[in-house]
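Presented below is the structure to which this report refers.
No value in this document is a laboratory result; all are computed from the given coordinates. This structure is a prediction, so every number in the text was calculated from the model and none was measured. Every residue, glycine as well, gets a Cβ built from its backbone with ideal geometry; the counts of neighbours run over all protein chains shown.
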Amino acid sequence: MSHRPHTAIPQGVISPRLLSRTTKRRAVKSCALLLAPLTVGLAACGTGDSGGDRLTSAPYDATDAVSVSTGADSTGVDPEKPLKVASENGDTLTDVFATDAAGRVVPGELSADGRTWRSTGPLAAGARYTVQVSTENGEGAPGRRTLRFETRSASEHLDVKLGPDNGTYGVGMPLTAQLSRPVKKPEQRELVERALKVESRPRVEGSWHWVDSKELHYRPRTYWPAHATITLRSSLKGLKVRKGLYGGKAKPVRIRTGDRIVAVADASSLRMTVRKNGRTIHTIPITTGKAGYETRNGIKVILTKEPYVRMTSASIGASDFYDLGVHWATRLTNSGEYVHGAPWSVGSQGVSNTSHGCTGMSSANAKWFFDTVHQGDIVQHVNTAGETMAPFGNGFGDWNLDWKKWRAGSAVEGGRPEGGGPADAARLRPQV
């Protein structure tokens with residue numbers, strides 16, 4: 001299945017197609033205008049009476065016939081107040097079309113008698129609007145009034161920090177959105193989520209997941225394709241999130257993925273198998289966490305690469321003292337789990353588990369691994385006696401949630417039927 005950006009419309013935004021459902025007369029007249037050039041000279045349309053002239057005549061200026069609550073060329077309009085349009089001389093309103101500079105359409109309702117129109121969604125803050133009003137007088141002639149106004153800026157903004165930074169990453173790298181203020185209500189979360197647009201080439205199925213009230217992660221159903229291009233942007237600016245709080249600015253993100261590199265570290269066989277684009281390129285003897293310091297089981301995303309790290313027993317509260325300088329360290333968790341060179345344990349590598357939770361290998365193999373992998377690549381530990389890697393809070397454990405549970409954390413996707421996903425019992429199988 002292909003991922004497409006969410007097509008449902010945020011609060012305060014509808015498509016012109018939806019708006020036109022309330023303006024049937026305009027649609028009929030538009031069809032007539034489109035057909036008119038094709039029927040010139042035909043008896044049915046060329047009678048020469050005043051009705052035919054009305055179809056081809058330019059709309060009259062309806063400025064005096066229509067009032068708009070904001071006034072023309074106004075600034076500092078309160079976005080909390082509804083937009084109102086009214087007929088002043090008995091003419092009928094056939095359509096009201098209001099959009100801001102970003103192309104967002106204001107939803108509204110036309111009264112049954114065609115004399116008034118009122119917006120049904122909030123205006124954006126700090127936005128410039130264009131309002132086009134179509135009318136019809138008693139003789140059936142069309143009129144038009146166009147005006148513009150600006151809403152005042154919001155005093156409180158919900159800013160969004162999108163991540164990661166622009167660049168090239170491994171196929172396991174999730175997208176992130178950090179909010180400047182908490183968002184808790186379901187309808188507010190839905191509005192925010194719909195405004196966060198993800199596009200990928202090639203297209204893939206993906207979804208947002210709310211980590212907490214201020215953080216969202218986005219990932220595909222399976223890993224990103226190799227050599228894909230992914231863009232993330234926000235259209236939240238100016239949208240009303242709740243009373244007094246409006247969407248703020250957000251810098252867009254554009255990333256690429258490199259080769260598909262997945263390393264599976266088996267704590268039972270004490271071997272790490274590294275595959276690139278589905279082909280095994282190296283098998284490395286390893287040692288993982290010993291009893292009491294078992295390495296976490298599960299899928300981890302490479303966070304950073306550090307040529308040298310000082311590791312001490314105090315950093316993890318170990319009962320046995322150590323203070324070591326470690327080379328070619330590839331970080332997997334915030335708490336300090338690495339793949340790194342461990343020349344002191346070469347005799348145990350491939351034989352027994354002797355580390356304090358890290359994955360140790362020879363210095364030569366650690367350097368090869370360090371030079372081969374990139375931020376966002378996958379390291380998956382299987383058959384350890386440790387706990388399962390947490391999905392959030394200790395790095396990127398996002399892939400340890402199956403697809404059904406991941407989608408359940410979306411304010412948009414959570415209520416949709418599930419099309420089937422990997423079973424919980426199988427979620428930690430090597431993804432190679």
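General remarks:
- Signed unit charges on C-beta, dipole axis of the stretch 211-361, positive-most listed residue P252, G238, T312: G238
- For the stretch 56-195, a simple Cβ point-charge model (Lys and Arg +1, Asp and Glu -1, everything else neutral) yields a dipole of about 580 debye relative to the Cα centre.
- For V77, the shell of other residues with beta-carbons less than 14 Å away shows a net charge of +1, using +1 for Lys and Arg and -1 for Asp and Glu.
- Each peptide in 345-354, 328-337 receives the mean, over its residues, of other Cβ atoms within 10 Å, and ordering these scores from highest gives 328-337, 345-354.
- Rounded if a/c under 1.5, otherwise prolate or oblate - the stretch 265-396, Cα gyration tensor axes: rounded
- Rg over Rh, two decimals, the stretch 174-270 (C-alpha only, Kirkwood Rh): 1.08
- When the alpha-carbon atoms of the stretch 102-217 are used, the pair Rg, Dmax equals 20.6, 67 angstrom.
- In this structure the amide hydrogen of T359, modeled in the peptide plane, comes within under 5 Å of the amide hydrogens of Y338, V339, H340, none closer than 5 places in sequence on its chain.
- Of all lysines in the structure, those lying under 26 Å Cα to Cα from K237, and not within fewer than 8 positions of it along the same chain, are K81, K84, K161, K184, K185, K197, K214, K249, K251.
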